[in-house]
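Everything below concerns the one structure shown next.
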Amino acid sequence: MSVSTTSCGSKWRLQCAMLLLAIMRACFADIRYSVPEETKAKHVIGSLSGDLRLDVKRLRVRKARVDYHGEKRYCGVDLDSGDLIVLERIDRETLCETTSPCILHFEFILENPLELHNIGLEIQDINDNAPLFPKDLIKLEISESATTGSRYKIASARDLDVGINSVQSYVLGQNGYFVLDAKISKERYVEIVLQNSLDREKEGEHSLMLTAIDGGNPRRSGSVTINILIIDVNDNGPIFSQAVYTVTVFENSPQGTSLLKVSATDKDEGANGHITYYINHASENTKRLFNIDQNSGEITAIGELDHEKASSYEVEIQAEDGGGQAGHCKVLVEISDINDNAPTITVKSVTNPIPENIPAGIEIAVINVKDQDHGENSRVKCNIAENLPFKLQSSIKNYFTLVSSAPLDREQISEYDVTIIATDGGTPSLSSSVILSFHISDINDNPPVFEEQSYSSYVTENNKPGSSMCSVTARDPDWRQNGTVVYSLLPSDVNGVPVSSFLSINGDTGVIHAVRAFDYEQFRSFKVHVVARDNGSPPLSSNVTVSVFITDENDNSPQILYPAPAGNSLMTEMVPKAALAGSLVSKVIAVDADSGQNAWLSYQIVKSTDPGLFTIGLHSGEIRAQRDISESDSMKQNLVISVKDNGQPSLSTTCDVYLLISDNLAEVPELKDMTYEDSSKLTSYLIIALVSVSTFFLTFIILILAVRFCRSRKPRMLFDGAVAIPSAYFPPNYAEVDGAGTLRSSYNYDAYLTTGSRTSDFKFARSYNDSTLPADQTLGKESKDQDSLVDTKDLNEVGL
Ligand SMILES: *[C@@H]1O[C@H](CO)[C@@H](O)[C@H](O)[C@H]1NC(C)=O
Ligand SMILES: *[C@@H]1O[C@H](CO)[C@@H](O)[C@H](O)[C@H]1NC(C)=O
């Protein structure tokens, strides 16, 4: 009876009093019944007539009825049986809600006599309602960081039924996190308590079933689903899939080349799980080379990657989530080499110029070769053209030496351009080259060489002293002073006279000058040696023979040997009176010191006592009778003979020939002074005899000489021979036999030769002959030794 506890405001005091009265009436109701709610109509609640002891038959008459102050009647009286019956459905929850007990008050009225009975009908509750939560679904958001023991209120379930039929207990579906703390009380909520800490990353949502159960029979239950959404807390940092990433990329990869993609994950969600990537703790240099996409984690090369600068980079990458937690990883970027560097050649030392006599195997240059690439790309090979007298040797690592490998000759090749090509081992390979220019320096290794094996110079006698005769040329291919040729005469004698008194040579030009005038009649040729010497140190030289041939000039007029020239003595030939035409009367003997045409003599009678009586052989000089001599002819005949050589212009000499036509020497008038008129016959005969003897003797000797000359291949110089005849073949005493005889001419000639204007020249010639023509040797044998000095004229030219 909890109603009594109801408190009312003063305003409602009257109503409260009335309510109190009604309850009092109920309490003091005449009669009480109870019926479960929801009973079917016609259900008999109780027997009114029986309880009130009424006469059933009279009920109708007395107009028995049940009154209920309400819209519905709920109950009525069965007039036939006098029972109180249910008229319509009674819902306790509608009538009383949660009030308990639920009592409906009826009045049972009878008339005639009026009678009123209060009926209290208690509506008994039946469990016809299940517990019910205000919502079907409860959404709850709990931070994952919530501590254990945290409580969360859930609106409780209601059951319209009352008492035991109302909610008696709650059950929470099985879960690992929450337990129920349900004190069944007047509280309008139940609490769930967090028992284990939450992890959104493990389970982001929980669904719990909370069931309320009433105590009816059968029990009824109602449940609600509690969806618990775990709210993320940034309790996880980004984690990279690898601690260290390695990537290899070729150098020279274009900018923007993607290298790799790092990836970090964060179990948190939303901003807490949103990762941004950064390059961390990198040098400025590295930052200039690499870029990471903040969102995708893709690393790209943005600078020029050069293996030669760095072969690898270590980049630290940081990943940061929205809540500020960070994770790290390392990226190793290896730059692999590309053959992008040609080898570089550095000449470390070079010998220039190279002496041409350098032996093989001498280092002349040292070069250093480098290639900045790596591995095979940096393996450098060096080579040079093969046809050079050099070779490359590789000595120490990266160093090559150029050494001489074959003899050099500056005179053939004075300069070498050596192209050194360095090639690396890449594919394709790169190469570079350098040209070394070498000059070959001179060594005096070539002597001057004359252009000709020997030189001959022909010079006409009586040349002007100082005139140039010929020139010699020698070439020396060496350089500068090593190739500068200086000419000189090799000191020697020509017939005991230093050659320098004959010739001089211009040391620079090689032009040979005559120092003096030559005389063909003195000597016809000689040899000198010219030395060509270079200016090297030591100098080299060579020599050549220059043969000087002196050519004849018609500078000598014929010399009459017989008869002796007029004025010196009288020479008279005896001509027999009986001489017939053609008989030899006399002979003019003349020589010419010149040679050849210049010495080719011709004889002519220019004047005669009796022209037509005598004739002279043009070249033989033989005077013959042209006709038979007759008595009428004058006894004394005088002939003027001109001897002329064949030179240009020709020179001539004349001589007188006295002929005495007589058979008796006594007829010769005067021997001492021969005239045309008188001569004693005896003397004439004597003279004739002597002349004949001497003529024949001379002829005989000349014949012998001629034979000897003919036997020798190269006859003696005529001039020498002519000179030699008198001294060599005339016994000295023989010449003295008759001072006035024809032989005297020989003697005289000898005297003339030794006392003439050209004595010294002749002496020179004699001394020359003395050494080369000893008296006891044959001329022919000697002449072989004197080949070059002997002219080849034969005896005929003398006119014999
Ligand atoms: C000439 O040759 C000598 C060695 O024989 C050498 O030392 C010198 O340098 C050469 N002179 C020139 C001008 O080349
Ligand atoms: C002249 O040359 C020859 C060889 O050509 C040599 O034997 C001789 O010694 C040389 N004479 C001089 C004086 O140089």
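Karplus-based coupling profile of region 221-230, in residue order and whole Hz: 9, x, 9, 9, 9, 9, 8, 9, 9, 8, with θ = phi - 60° in 6.51 cos²θ - 1.76 cosθ + 1.60 and x standing for Gly or Pro.
For PHE700 and GLU363, the difference between the fully extended length at 0.36 nm per residue and the C-alpha to C-alpha distance is 112.6 nm.
Estimated at the nearest 10 Å², the accessible area of HIS105 is 70 Å² with a 1.4 Å probe. Only loop residues by DSSP count here, and only those with at most 10 other Cβ atoms within 10 Å; note down the GluC sites (Glu not before Pro) in region 563-632 that meet that. Passing both the DSSP loop test and the Cβ count: GLU631.
Computed 3J(HN,Hα) for region 647-662, one whole-Hz value per residue from the Karplus formula 6.51 cos²θ - 1.76 cosθ + 1.60 where θ = phi - 60°, is x, 10, x, 7, 10, 9, 9, 10, 8, 9, 10, 9, 10, 10, 8, 6, glycine and proline marked x. Distance from the alpha carbon centroid of region 577-650 to that of region 511-558 works out to 43 angstrom.
Packing here is the average count of other Cβ atoms within 10 Å per residue, and on that basis the peptides 83-93, 142-152, 430-440, highest first, run 83-93, 430-440, 142-152. Taking the Cα atoms of region 137-231, the ratio Rg/Rh between the radius of gyration and the Kirkwood radius comes to 1.02.
For region 227-318, the Kirkwood estimate of the hydrodynamic radius, built from every pair of different alpha carbons, is 14.7 Å. A simple spin-label model places the labels of THR257 and GLU314 2.3 nm from each other, with each point 7 Å out along Cα-to-Cβ.
Here's how it looks for HIS206: its modeled amide H is under 5 Å from those of ILE228, LEU229, ILE230, which are all 5 or more places away or on a different chain. Backbone N atoms of region 392-419 closer than 18 Å to the 7 Å Cα→Cβ label point of ASP445 belong to residues 403-417. Only sites in a loop by DSSP and with at most 13 other Cβ atoms within 10 Å count here; which trypsin sites (Lys or Arg not before Pro) in region 286-327 make the cut? Those that pass, being in a loop and sparsely packed, are LYS309.
Here r is the Cβ-Cβ distance between SER197 and SER169 and R0 is 35 Å; the resulting FRET efficiency, rounded to 0.05, is 0.80.
By the scheme Lys and Arg +1, Asp and Glu -1, what is the net charge of all other residues having a beta-carbon under 10 Å from that of THR653? Residues close to THR653 contribute a combined charge of -1. Does a label point 7 Å from the Cα of GLU107, set along Cα-to-beta-carbon, have any residues of region 62-90 with amide nitrogen under 13 Å, and which are they? It comes to 65-70, nothing else. Calculated FRET efficiency, SER437 to THR265, Cβ-Cβ distance, R0 = 56 Å: about 0.20 to the nearest 0.05. At full extension, HIS328 and SER81 could sit 79.3 nm farther apart than now, given 0.36 nm per residue minus the alpha carbon distance. Shape annotation for region 263-399: C-alpha extents along the principal axes are 90, 23, 21 Å, from largest to smallest. Convex hull volume of the C-alpha atoms in region 344-441, normalised per residue: 82 Å³. Between GLU622 and GLU71, full extension at 0.36 nm per residue minus the direct alpha carbon distance yields a gain of 176.5 nm. For ASP633, the amide hydrogen comes within under 5 Å of no other amide hydrogen, counting only partners 5 or more places away or on other chains and with H modelled in the peptide plane. Working from the Cα coordinates of region 520-620, the gyration tensor eigenvalues give, after taking √(5λ), semi-axes of 54, 13, 10 Å in decreasing order. In angstrom, the C-alpha Rg and Dmax of region 449-551 are 14.0, 46. Annotation for THR246 and ASN295: the two label points, set 7 Å from Cα along the Cα-Cβ direction, are 3.3 nm apart. Among residues other than VAL499 with Cβ under 10 Å from its Cβ, the summed charge is 0 (Lys and Arg +1, Asp and Glu -1). Computed FRET efficiency, Cβ-Cβ of LYS391 and ASP235, R0 60 Å: what is it to the nearest 0.05? So, using R0 = 60 Å, E works out to roughly 0.20. Across region 456-490, the residues whose backbone nitrogen lies under 14 Å from the label position 7 Å along the beta-carbon direction of VAL511 are 466-473. Approximating the spin labels as points 7 Å out from Cα along Cα→Cβ, the SER145-to-GLN453 distance works out to 12.3 nm.
The values are calculated or read from the model by the stated rules, or taken from the named source; none is laboratory data. In this text, all values refer to a predicted model and were calculated from it rather than measured experimentally. Every residue, glycine among them, receives a Cβ derived from its backbone with ideal geometry; neighbour counts consider all protein chains shown. These area figures cover heavy atoms from the full protein model, side chains too; ligands, DNA and RNA do not enter into them. Shrake-Rupley method; radii C 1.70, N 1.55, O 1.52, S 1.80 Å.
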